[in-house]
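Here's the structure, in C-alpha cells; my notes come after.
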Amino acid sequence: MRNDGGGKRLMAYVPDYVVFDLETTGVNVKSDAIIEISAVKVKAGQVEDTFSTLVNPQRPIPAAASSVNHITDEMVADAPDIGTVLPAFLAFAQGMVLVGHNIHMFDMQFLNRESVAFDGKPLENDYIDTLYVARNCLPGLPRHRLVDLAAYFQIGTKGAHRALQDCMMNQQCFEKMAGMLQDIRIDICPRCGGQLLKRKGKFGEFFGCCNYPRCRFTKNISANL
C-alpha cells in the first residue's frame with residue numbers, strides 16, 4: 001500500500017512531532033477538497049503550539065460532509081484557499097514527523113496531492129499512522145477508530161470530527177500508546193524504520209517493509225523464529 005509521498009511510514013514513538021487532521025468535502029482523494037487543516041506541535045511529549053484554519057474549497061460542500069464535520073459553505077466563504085493555507089501548514093510542520101489517525105490511506109494522500117500541485121513534489125516528512133499503532137498495541141479492541149481509542153483511554157470526545165479537537169484527542173492517545181509500543185514485539189525494518197509485514201510471494205511467506213516499493217528490504221520468516 002502506498003500514499004505516493006516522499007516520507008516513510010514509521011512504527012515507533014518519537015517525543016517531537018506534529019499531529020494533524022484534515023476535514024474534506026468527501027473521501028475521494030482524487031476529486032474531493034480539503035476544507036479544514038489543524039495541527040498540534042509537540043516537543044518532548046508536551047503540546048507547544050497549534051495551527052488551525054478553515055479552507056475555502058471553491059465549490060459547494062456536500063450535505064453529507066457537513067453532517068459529519070459540521071462545516072458549511074457559509075463558514076468557509078471568507079476562508080483562504082488551499083494555495084494560501086498549504087505553505088503555512090508546511091512551514092508549521094517543517095522537519096517534523098507527522099502523526100495522525102488513518103493518514104496513510106487518507107490525509108497524507110490529500111496533502112501529497114496538494115503539495116505536488118503547489119511545488120511539484122510530495123511531502124518529505126516521515127509519518128506515524130496511529131491507526132496501525134493502535135492495531136498493534138490494542139489488538140483486542142473490536143474497532144480502532146479515534147473515538148474508540150479515546151473511549152478506551154477515558155479521553156473526552158466532545159467536538160470530535162472537527163480537525164483541531166481530533167488532533168488534541170489523538171495526541172493524548174498517542175502518548176498513552178507510547179509505553180505500550182515498548183512492551184510489544186513489532187518487527188522493524190533496519191533500513192527505514194517502517195514495520196515489517198508478512199507477505200506472500202512465489203516461494204511462500206516472507207517479511208516485507210511497509211514502505212515498499214521505496215524500501216525493498218525483505219527477511220525470511222525463518223529468521224524470526
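The values are calculated or read from the model by the stated rules, or taken from the named source; none is laboratory data. The shown structure was predicted, so the numbers you read here are calculated from the model rather than taken from an experiment. Because the Cβ atoms are built from the backbone with ideal geometry, glycine has one as well, and the counts that use them run over all protein chains shown.
Data table
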| quantity | calculated |
| --- | --- |
| Every pair of residues 6+ apart whose Cβ atoms lie under 6 Å, when the first sits in the range 54-83 and is farther than 12 Å from Thr25 by Cβ while the second is not aliphatic (A, V, I, L, M) | Leu54/Glu36; Ala79/Asn56; Asp81/Asn56 |
| Count of residues meeting criterion [among the acidic types (Asp, Glu), within 24 Å of Leu54 (Cβ to Cβ) and surrounded by fewer than 16 Cβ atoms within 10 Å (Cβ to Cβ)] in the range 110-139 | 1 |
| Selected residue (only one of Val99, Val47 is assigned to a strand (DSSP E or B), crowded, with 19+ Cβ neighbours inside 10 Å, of a type outside the set (Ser, Thr, Tyr) and assigned by TED's automatic domain parsing to the domain that holds Glu124) | Val99 |
| Condition met for Asp166 (under 17 Å from His104 (Cα atoms), surrounded by 13 or more Cβ atoms within 10 Å (Cβ to Cβ), at pLDDT 90 or above and of a type in the set (Asp, Glu)) | yes |
| Flag if Asp32 is of a type outside the set (A, V, I, L, M, F, W, C), modelled with pLDDT of 95 or more and surrounded by fewer than 20 Cβ atoms within 10 Å (Cβ to Cβ) | yes |
| Test result for Cys173, in a helix (DSSP H, G or I), under 29 Å from Phe89 (Cβ atoms) and among the hydrophobic types (A, V, I, L, M, F, W, C) | yes |
| Any chance Lys198 is over 30 Å from Ser66 (Cα atoms), modelled with pLDDT of 95 or more and touching a Phe, Trp or Tyr at 6+ places or on another chain (Cβ under 9 Å) | no |
| Test: residue in the range 72-86 that is closer than 30 Å to Ala178 by Cβ and within 15 Å of the chain's Cα centre (by Cα) | no |
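Each row is one residue, and each column tells you yes or no for (1) assigned to a helix (DSSP H, G or I); (2) modelled with pLDDT under 95; (3) on the phi < 0 side of the Ramachandran plot; (4) surrounded by fewer than 14 Cβ atoms within 10 Å (Cβ to Cβ).
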site: Leu86; (1), (2), (3), (4): yes, no, yes, no
site: Met108; (1), (2), (3), (4): yes, no, yes, no
site: Leu141; (1), (2), (3), (4): no, no, yes, no
site: Asp148; (1), (2), (3), (4): yes, no, yes, no
site: Gly159; (1), (2), (3), (4): no, yes, no, yes
